[in-house]
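Every number here is computed from the coordinates shown, using simple stated rules; none is lab data. Note that the structure is a prediction, hence the values are computed from the model and not measured. Quick reminder, even Gly has a Cβ in these numbers, built from the backbone with ideal geometry, and neighbours come from all protein chains shown.
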Amino acid sequence: MAERIILHCDLNNFFASVECLGREELKGKPVAVGGSVEQRHGIILAKNETAKKYGVKTAEAIWQAEQKCPGLIVLPPHYDQYVRYSRLVRRIYEQYTDLIEPFGIDECWLDVTGSTKLFGPGERIAEQIRQTVKAKTGLTISVGVSFNKIFAKLGSDYKKPDAVTVFRREDMERLIWPLPAQEMLGVGASTLRSLHRIGIFTIGELAKTDPHMLRLVLGKGGETLWRFANGLDLSPVSLSGEEPVPKSVGRSTTTPQDMRTAEDIALTLLWLSERVSRELRANHALATVVQVHLRDNRLNVTEHQRRLQQPVRLAELLRKTGLALILEAWDGVTPLRSIGIRAAGLVHEDESFQLCFGSDYEQLERMERLERAVERMKEKYGRDAILRCRQIAGGKPGQHLAFKGVVN
């Protein structure tokens, strides 16, 4: 069986690069995209290469970034433009293969195994894509070429910006294994601490560790990481348009004013839950776990979760579960600066699951039909066309809303 040829294409500094397109006055200057300072979303969302040289980092506070780089130009985000350019680049990928799997708005895996007879070896295809994206959009990408998805992603991260890196099977011990363990997909901060505790610091050390020991330390995921490190990832690249059910869907917000009452929290949580519910419906998914996180005005963060008796996606049920979790954890006194809710343990809506005694399934079905109908009206007439009574009284967090209809 022929070796697969997988590309991982990563648009460099995507948000910041889009903001700089056609703006000669920004050339060579440190630029970052940041949330609104006035609305207290003052963090760095993206930065260009010049800002990166000053040590500016994604997710740090804008004031911290400006201390490192006094001349930093901070621009507001324009998500409609990011979606537009992401789609333009996707069309370029589609000229080479229909096996395209997105990994966020700025990254995709491509399986070009069947395209080599038309376009040449994987490295040549990667170079053609890199040059075409640059010529047609003005954006640069880094492309990793390898025999599986994990090592292809390592390749795109290996050399940036505007570069192609090839990791062949014979390069594994020489080039890949010496890399720090955290460079590999699946090794986050918590996992990395666990690996360091048992003396594992590189991908090679991870590959050579007994997988049974890794399972004891990291659970089932330990064996998965062992397979990744040894080049044994066989996961396919999804067909373009066939998006897999995500592992979780979440929304969070930092409100302009601190939340001081249960009513403030409930209103904000309803607003977030409606967005989570809408995304679950779009992905044909239901949640089996609800997670919340809260951050108070002293920046203390706590997270809590609860497994549900049955899969759900109704906004009101997500809100009730999330509110119960928050009120159990909150002291009722300390103002909250931000909250978030996440639907996790997702299952496809067509999967079978055990029924729960005591649940009124006819009522749940009526609520589902109602939420679908409301969602269709909002899509047609605008997000504020229909509101629940409690939303009319409170509005969006920090805003006053006009309305045209009411749902209790």
Per-residue Cβ contact counts at 10 Å, fewest first, order R319, R168 as R168, R319
Most exposed first, judged by fewest Cβ atoms within 10 angstrom, L299, L346 run L299, L346
Ratio for the chain, C-alpha Rg to 2.2 N^0.38 Å, reads 1.09
Helix 315-329 sits off the longest principal axis of the Cα atoms of the chain, rounded to the nearest 10 on a 0 to 90 degree scale, by 90
Here, the stretch 177-229 modelled as identical Cα point scatterers in vacuum has Debye log10 I(q)/I(0) at q = 0.21, 0.30 Å⁻¹ of -0.60, -1.40
For the stretch 1-168, averaging the sequence separation of alpha carbon pairs under 8 Å that lie six or more residues apart and dividing by its residue count, the contact order in percent is 29
Length gained if A329 through A2 is fully extended, taking 0.36 nm per residue and subtracting the Cα-Cα distance, is 112.2 nm
The pairs in K27/K136; K160/K247; K29/K57; K27/K53 lying past 21 Å Cα-Cα in this model are K160/K247
Net charge (Lys, Arg +1; Asp, Glu -1) of residues whose beta-carbon lies under 11 Å from that of V301, V301 excluded, is +1
Final fewest-first order of F201, F167, F15 on the 10 Å Cβ neighbour count is F201, F167, F15
Summing -39500 (n - 2.57) over every DSSP H run of at least 4 residues in the chain and dividing by its residue count gives a helix-only mean residue ellipticity at 222 nm, to the nearest 500 deg cm²/dmol, of -12000 deg cm²/dmol
When the charge dipole of the chain is computed with +1 at the Cβ of Lys and Arg and -1 at the Cβ of Asp and Glu, the Cα pointing farthest to the positive end, of L118, L195, C9, is that of C9
